[in-house]
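What follows draws every value from the coordinates through simple rules; no lab data is involved. The model shown is predicted, which means the values in this text are computed figures rather than measured ones. Neighbour counts run over all protein chains shown; Cβ positions are idealised from the backbone, glycine included.
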Amino acid sequence: LSPMSPPTVAGPSEGAWITVDPTGRYAYVADFSSNTVVQYLIGAGGELTQISPAPAGIGTGQEPVAITADPSGRYAYTANNAGAGNVSEFTIGTAGALSLNQPANLVSGGCPTDVTVDPTGRYAYVTNYCDSTIAQYAVGTGGVLAPIVPATLGTGQQPTSITITHQ
């Protein structure tokens with residue numbers, strides 16, 4: 001790796017997590033302190049440029065610590081760590097800008113720390129640090145998450161991340 005010019009861009013004050021959509025055209029940063037997602041266009045040379053709504057980003061639940069885009073590149077989700085512990089649901093627009101789905105925030109569990117969508121785009125999983133569980137969801141029409149039975153599964157102590165790979 002070597003620094004780009006410029007080596008940094010204006011962005012979140014406490015960016016907790018960054019993800020790139022599957023097309024490689026957009027990057028999203030979960031900003032813990034401002035309860036937003038800052039959105040970027042990735043240029044041909046890899047440079048980042050903030051996209052609408054700049055510079056504040058789009059609102060999330062309280063204290064987003066992780067963000068992921070689904071494999072289709074149409075939806076994104078944040079794990080919001082504080083308060084009730086929830087997941088924010090977004091649609092990714094044609095120009096990469098996020099818009100909140102309804103319901104905007106779905107209760108997940110105690111202190112969500114990560115969210116991932118399986119490679120088929122049909123299921124999403126959230127690690128809940130404070131209650132040592134994984135919440136599991138079906139991805140429905142418009143990217144809206146719906147709990148599946150059982151809604152949570154116990155894990156080892158305090159899970160912080162989850163990854164799904166193809167077998």
To the nearest 0.05, how large is the calculated FRET efficiency for L41 and T160 if R₀ is 35 Å and r is the Cβ-Cβ distance?
0.75
Beta carbons within 10 angstrom, averaged per residue: use that to sort the peptides 132-140, 93-101, 43-51, highest first.
132-140, 93-101, 43-51
So if each residue of separation counts as 0.36 nm, and I subtract the Cα-Cα distance between L153 and S5, what length gain in nm does that give?
48.7 nm
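Taking 8 Å as the Cα distance limit and 6 or more residues as the minimum spacing, I'd like the relative contact order of the chain as a percentage. Can you show the working numbers first?
On the way: 450 pairs, mean separation 24.1, N = 167.
RCO, the chain: 14 percent.
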Under 10 Å, Cα contacts only: if you run a Gaussian network model on the chain, which one of V87, V149, V126 comes out with the highest mean-square fluctuation?
V149
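Take the alpha carbon atoms of the chain, find their radius of gyration, then divide it by 2.2 N^0.38 Å using N residues; give the quotient. Before the final figure, lay out the partial values.
Numbers: Rg = 15.4 Å, N = 167, 2.2 N^0.38 = 15.4 Å.
For the chain, the normalised Cα radius of gyration comes out at 1.00.
Excluding T60 itself, calculate the net charge of residues whose Cβ lies under 14 Å from the Cβ of T60, where each Lys or Arg counts +1 and each Asp or Glu counts -1. Each step should come with its number before you reach the end.
Values: positive: none; negative: E14, D31, E63, E89.
Taking every Cβ under 14 Å from that of T60, the sum is -4.
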